[in-house]
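Have a look at the structure below before the remarks.
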Amino acid sequence: MKFIDQSLLQKLTQLRHNLKDIPELSGKEFKTRALLIKFLKQNTNLEIHDLGTWFYAIQRVNSSRGAIVFRADHDAILHPDGYPFHGCGHDGHSTILAGLALLLQKEKLEQSIIFLFQPSEENGQGAKQCLKLFDLENVERIYGLHNFPGFELGHIITRVGTFMCASLGLTVRFTGHQTHAATPEKGTNPAFAISQLTQILEPLSYFNGFESFKWKDLTFSSMVLATVVSIQVGQANHFGISPSNGSLQLTLRAEKQQDLSKLLTKIKETSLQLAKQYNLTLQFEVNDEFVETTNPESLTHHVNTIFSNDGLHIHELVEPFRPSEDFGYYQLEKPGVFFGIGSGLQTPPLHSHDYVFPDEIIPYGIRAFYSIVMN
C-alpha cells in the first residue's frame, strides 16, 4: 500500500517492535505508556494529557463540533510459559493510532481529533477508566479496531449490531466443614455440589449457533455459553482430609447483555439451591465484565460507504465474534463503531503462544482511520 511513505512506515514498524519488546499485563503498562508518550512528543505537536494509568493526545481545532475519538489498547497477555507477550496484537493497535497522529499533522481539520491510548482491555477495566474522557472533552463519536487472523490481509471486517459478545468471569465458592477422611459423614464436602452444578451447566458448554434456544425454564434470544475454566476442591495429596472449601470458575458469554444477565441470575439461584441441599455456605465473585460491542446501523453503513469509496475491501460478518471487547462501554455513552482488520488467512489465532502482529497491516489500519477523519 503506497498510502504511507517508506520512511514513516519504517518509523512506525520500529515503534511496534519496541512495544513488542516491553509487553506489560493489564494495569501494569508503565513502560508502554511512557514509550508511547515519548514517541508522540518527539514526532508531533499534539496536546498530551497523562491521567496516570491512561492518556490521550488531541489535535485541537477551534470548532463548535465535538471531537472524534480514535482508541487503541496497549496491554499484553500471559504466555503459556508464564511471561507477558503481545499475543493479541495490542502493540499493533497502538502503532496504528500513533501512525494516524503523525499522518494528520499536515492536515487541516474541521474538528478536533483525540487519540485515546487505553490500558487494561484484557480484563475489561480499561474502557471504564477512560470514560472520564467524555467529561473532560466534548466528544461526538468514537472509533476503534482490532486485528483478526483468518481474514484476508488488510480487509475491513464490519457488522451492524453485535460485533463482539458480552461476557464475564464468575467464581462460585462453596464452604462446608472439614473433617477426617475416615469420617466424612462428620463434615460437609463441597465436591458433590460443585459436580452437580457442573453437570447442570454441561448443555451450555457447547456452541449451538446464534439461534434462540431453551435451557431449564429459560428462553434465550441468541447464543449463551458457560465455559468451565477451573474446578478446585481441597488440597492435592492430603488423603487424610475431607475438605471444606471448593470453587467452580466459569466464563459466561452471550450475544446480548440481557441474556447474559438472565443466565447469571439462574446460575446463582441454582447454586443457592445446591448450597442449601448440602448445608454449605456460598459466595459469588464476578470479574472481567464485558458488555457486548454493538455497532449502530446508520453510523456503520456510513463508515462502510467511506471505506468502499476509498477502495478498502469490506468483509461483512454474518454472525458476531464470540470473544469480548471492552469498547462496548464507550458505545453505551457515545455513538461509535468498532471494526476489524484482517491479519491474514494463515496467521496463528489470537492469544496463541506464537501469535505476532503482522507489520503488513499497519498501513491498512491507518488508512481506515484516516478515511473516517477526512470524510
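Here are a few things to note about the model shown:
- Matching entry among 28, 106 (being open to solvent by 10 Å² or more (accessible area, probe 1.4 Å) and at pLDDT below 95): 106
- Residue in segment 275-287 that is basic (Lys, Arg), open to solvent by 10 Å² or more (accessible area, probe 1.4 Å), modelled with pLDDT of 95 or more and more than 19 Å from the chain's Cα centre (by Cα) present: yes
- Among the numbered conditions (1) open to solvent by 70 Å² or more (accessible area, probe 1.4 Å); (2) assigned to a strand (DSSP E or B); (3) assigned by the TED database to the domain that holds residue 217, the only one that residue 272 does not meet is (2).
- Qualifying residues in segment 187-220 (those that are in contact (Cβ under 8 Å) with a residue 40 or more places away in the chain and open to solvent by 100 Å² or more (accessible area, probe 1.4 Å)) - the one farthest from the chain's Cα centre (by Cα): 192
- Of the criteria (1) touching a helix residue (DSSP H, G or I) at 6+ places or on another chain (Cβ under 6 Å); (2) at pLDDT below 95, which one residue 74 fails: (2)
- Of residues in segment 223-250 being hydroxyl-bearing (Ser, Thr, Tyr) and buried (at least 18 other Cβ atoms within 10 Å of the Cβ), the one nearest to residue 287 (Cα to Cα): 244
- Unique match (being at positive phi and either of a type outside the set (Phe, Trp, Tyr) or under 22 Å from the mean Cα position of the chain (by Cα) (or both)) among 124, 176: 124
- Restricting attention to segment 33-77, the residues that are in contact (Cβ under 8 Å) with a residue 40 or more places away in the chain and either open to solvent by 60 Å² or more (accessible area, probe 1.4 Å) or not acidic (Asp, Glu) (or both) total 31.
The values are calculated or read from the model by the stated rules, or taken from the named source; none is laboratory data. These numbers were taken from a predicted model, which means no experiment stands behind them. Neighbour counts are summed over all protein chains in view; Cβ atoms, including those assigned to glycine, are modelled from backbone coordinates with ideal geometry. Accessible surface is based on the protein model in full, side chains and every heavy atom, while ligands, DNA and RNA are left aside. Shrake-Rupley method; radii C 1.70, N 1.55, O 1.52, S 1.80 Å.
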